[in-house]
Amino acid sequence: AAMKDGLRSQVSAALKEGRVTPTELCQRCLALIKSTKFLNAYITVAEETALKQAEESEKRYKRGQPLGVLDGIPIAVKDNFNTAGIETTCASNMLKGYISPYNATVVQKLLDHGAVLLGKTNLDEFAMGSGSTDGVFGPVRNPWSYSEQYKEKSVPKSHSEDEESNWVITGGSSGGSAAAVSSFTCFAALGSDTGGSTRNPAAHCGVVGLKPTYGLISRHGLIPLVNSMDVPGILTRCVDDAAVLLGSLAGHDPKDSTTIQDDFKPFELPNLTDVSKLSIGIPKEYHASGLSSEILALWSKAADLFKNAGAKVVEVSLPHTRYSIVCYHVLCTAEVASNMARFDGLEYGHRSDTKDSTERMYAATRREGFNDVVRGRILSGNYFLLKQNYEKYFVKAQKVRRLIANDFVKVFRSGVDILLTPTTLSDAAPYTEFIQEDNRTRSAQDDILTQAANMAGLPAINVPTALSERGLPVGLQFIGRSFQEKQLLTVAKWFEKQVQFPVIQLEEVKRHDDGVFQHQKSASFS
């Protein structure tokens, strides 16, 4: 509690007052990245670049001209955002060695605000998955697997077996970013969210995961999965920090025609004291099959928390939710098939050595470059887009998507301000258990509570809420009205303050602890 409350605003202040320098902060983060390498959270660590950026930040602070709250703050970026001069792989053989000539808009905005880019984080190949286990660089391990809280609750086996078989997944596909924030190796990270890929790992790793309204943040430079649903996501250790990053990233981008035309005004979150004017909706359809009794009880307890504080809590219905996962599968794979067509071995990325013909080279390149999951989605998508299937599957799925979006519109028009739902069906699964099922089955199960918000284009946030009986994080999701991020984050901040989620106890962090590094443990840099 002292780490979360007593040090809440000290990092930025410490930088301004010279009690810690950007270089010291960067060096501490880099040291932690090395000592937590076993988590496999990072694909590329840009140590030299990060230290140069930290030095430049230090000069600005000495001149008394910092670029803002983010100046000197170490951040990480999911490896499906283009970064000039730093390899961008999408955790795939297809893009191994690919170095983009430009930065994604969100990356450039962070750099323009003085942030220090530590490196690129691990993910499922091309962001297709919900466990961060299917990338070519291997699975990401959840930092909570090595926490004192989890170790106290887990059944002890022989030491070697326990270490190797008892670790749990991060969720996905932004698992590397979630693990990086959770393990204190950076203060914030970018993920991407197509069907829950920021909120799902945020829930499993005990961090805040924000999916903004579609069109609020530019997708330019984010290697696309599903253009009509992809949104850059924000992962931080507290809600205030998510608001700071949103303020730096949101707004119109002439390079992305889907972004809003109006200027976005950054905001500071007020400290909400009175929730009596709030109406919180509890969608009955989110009592989904497979929802653990533990999360159901936590969801109910959270609703009571709002009710006891004076808010109006009402049960609502989103009747087309039950069709959403099938609808999502059709639309997702159809757009994947279209987007993956660019990887042909001719312009960039992997190229097969087959020289018999262009067609054979093209086929061999894609067979060698993509894993089974990506190839499977391409196959499904092309099937749905066949002339004889287009109306039956793709067009019908678009119509159902409209019905799903209209369900949310009706609920919000009825007077509901915010929807409260679970983020995941359970706490994080052990890796050995998770890989027993195929990727499609896992994704269908894990996205069921999150992907409807993507299809409706609505903002949603995971707030870490409590530890499960196994000592692992559990989060709840808040869904807001389009472009009403301030209201959504204000409510999330109030809830965060009520639940007082515990700080992860990691031995690796303690080893690096000293006077300077105390600031790194702060929940907030804002």
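Considering (1) more than 27 Å from LEU222 (Cβ to Cβ); (2) in a loop (DSSP other than H, G, I, E, B); (3) open to solvent by 40 Å² or more (accessible area, probe 1.4 Å), the lone condition that HIS350 does not fulfil carries the number (1).
Within segment 258-269, residues that are farther than 21 Å from LYS493 by Cα have Cβ atoms under 8 Å from residues that are among the polar types (S, T, N, Q) and buried (at least 17 other Cβ atoms within 10 Å of the Cβ) in these pairs: THR259/SER218, counting only partners at least 6 apart in sequence or on another chain. Among all residues of segment 126-145, there is at least one that is of a type in the set (Ser, Thr, Tyr) and more than 24 Å from LEU225 (Cα to Cα).
With the checklist (1) within 26 Å of GLU125 (Cα to Cα); (2) open to solvent by 20 Å² or more (accessible area, probe 1.4 Å) in hand, flag the one item SER414 doesn't pass. Against the list (1) within 26 Å of GLU125 (Cα to Cα); (2) open to solvent by 20 Å² or more (accessible area, probe 1.4 Å), SER414 comes up short only on (1).
Restricting attention to segment 379-432, which residues are hydrophobic (A, V, I, L, M, F, W, C), more than 28 Å from the chain's Cα centre (by Cα) and not in a helix (DSSP H, G or I)?
Scanning segment 379-432 gives LEU385, LEU386.
Among the residues of segment 320-341, is any more than 17 Å from ASP447 (Cα to Cα) and touching a strand residue (DSSP E or B) at 6+ places or on another chain (Cβ under 8 Å)? There is no residue in segment 320-341 that is more than 17 Å from ASP447 (Cα to Cα) and touching a strand residue (DSSP E or B) at 6+ places or on another chain (Cβ under 8 Å). Filtering segment 76-94 to residues that are of a type in the set (A, V, I, L, M) and out of contact with any helix residue (DSSP H, G or I) (no Cβ under 8 Å at 6 or more places or on another chain) leaves only ALA84. Would you please name the residue that is modelled with the lowest pLDDT, looking only at residues in segment 317-343 that are surrounded by 19 or more Cβ atoms within 10 Å (Cβ to Cβ) and not in a helix (DSSP H, G or I)? It comes out as PHE343.
Scanning segment 316-353 for residues that are over 22 Å from GLU125 (Cβ atoms) and out of contact with any Pro (no Cβ under 8 Å at 6 or more places or on another chain) returns PRO319, HIS320, ARG322, TYR323, SER324, VAL326, CYS327. Kindly evaluate VAL314 against the criterion of being modelled with pLDDT of 95 or more, open to solvent by 30 Å² or more (accessible area, probe 1.4 Å) and closer than 27 Å to ASN454 by Cβ. Considered against the rule, which asks whether it is modelled with pLDDT of 95 or more, open to solvent by 30 Å² or more (accessible area, probe 1.4 Å) and closer than 27 Å to ASN454 by Cβ, VAL314 comes out as yes. Closer than 20 Å to GLY480 by Cα and open to solvent by 10 Å² or more (accessible area, probe 1.4 Å): does that describe TYR146? No; evaluated as a whole, the condition is false for this residue. Set side by side, the residues GLY215, GLY195 differ, and just one is within 20 Å of ALA444 (Cβ to Cβ) and open to solvent by less than 10 Å² (accessible area, probe 1.4 Å), which is GLY195.
Scan segment 96-129 for residues that are farther than 16 Å from TYR348 by Cα, of a type in the set (D, E, K, R) and open to solvent by 10 Å² or more (accessible area, probe 1.4 Å) and jot them down.
LYS109, ASP112 - these are the residues of segment 96-129 that are farther than 16 Å from TYR348 by Cα, of a type in the set (D, E, K, R) and open to solvent by 10 Å² or more (accessible area, probe 1.4 Å).
Which residues, counting only those in segment 123-151, are touching a Gly at 6+ places or on another chain (Cβ under 6 Å) and either farther than 18 Å from ALA203 by Cβ or basic (Lys, Arg) (or both)? Correct list: GLU125 only.
In segment 62-75, which residues are without any contact (Cβ under 8 Å) to a residue 40 or more places away in the chain and surrounded by 21 or more Cβ atoms within 10 Å (Cβ to Cβ)?
Answer for segment 62-75, where residues must be without any contact (Cβ under 8 Å) to a residue 40 or more places away in the chain and surrounded by 21 or more Cβ atoms within 10 Å (Cβ to Cβ): there is none.
Here is a yes/no grid of residues against (1) open to solvent by 10 Å² or more (accessible area, probe 1.4 Å); (2) more than 20 Å from GLY221 (Cα to Cα); (3) in a loop (DSSP other than H, G, I, E, B):
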| position | (1), (2), (3) |
| --- | --- |
| VAL77 | no, no, no |
| MET94 | no, no, no |
| SER132 | no, yes, yes |
| VAL136 | yes, yes, yes |
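Taken as a whole, the structure leaves TYR431 outside the set of residues that are among the aromatic types (Phe, Trp, Tyr) and either surrounded by fewer than 19 Cβ atoms within 10 Å (Cβ to Cβ) or free of Cβ contacts under 8 Å to residues at least 12 places away in the same chain (or both). Selection of first residues in segment 273-294 that are of a type in the set (Ser, Thr, Tyr) and open to solvent by 80 Å² or more (accessible area, probe 1.4 Å) and of second residues that are at pLDDT 95 or above and part of a loop (DSSP other than H, G, I, E, B), restricted to Cβ pairs under 9 Å at least 6 apart or on distinct chains, gives the following pairs, ordered by first then second residue: SER289/LEU425.
The values are calculated or read from the model by the stated rules, or taken from the named source; none is laboratory data. Small disclaimer: the values here were computed from a predicted structure and weren't measured. Here the Cβ is made from the backbone with ideal geometry for all residues, glycine too, and neighbour counts use every protein chain on show. Please note that ligands, DNA and RNA were not included when accessible areas were found on the heavy atoms of the full protein model with its side chains. Shrake-Rupley method; radii C 1.70, N 1.55, O 1.52, S 1.80 Å.
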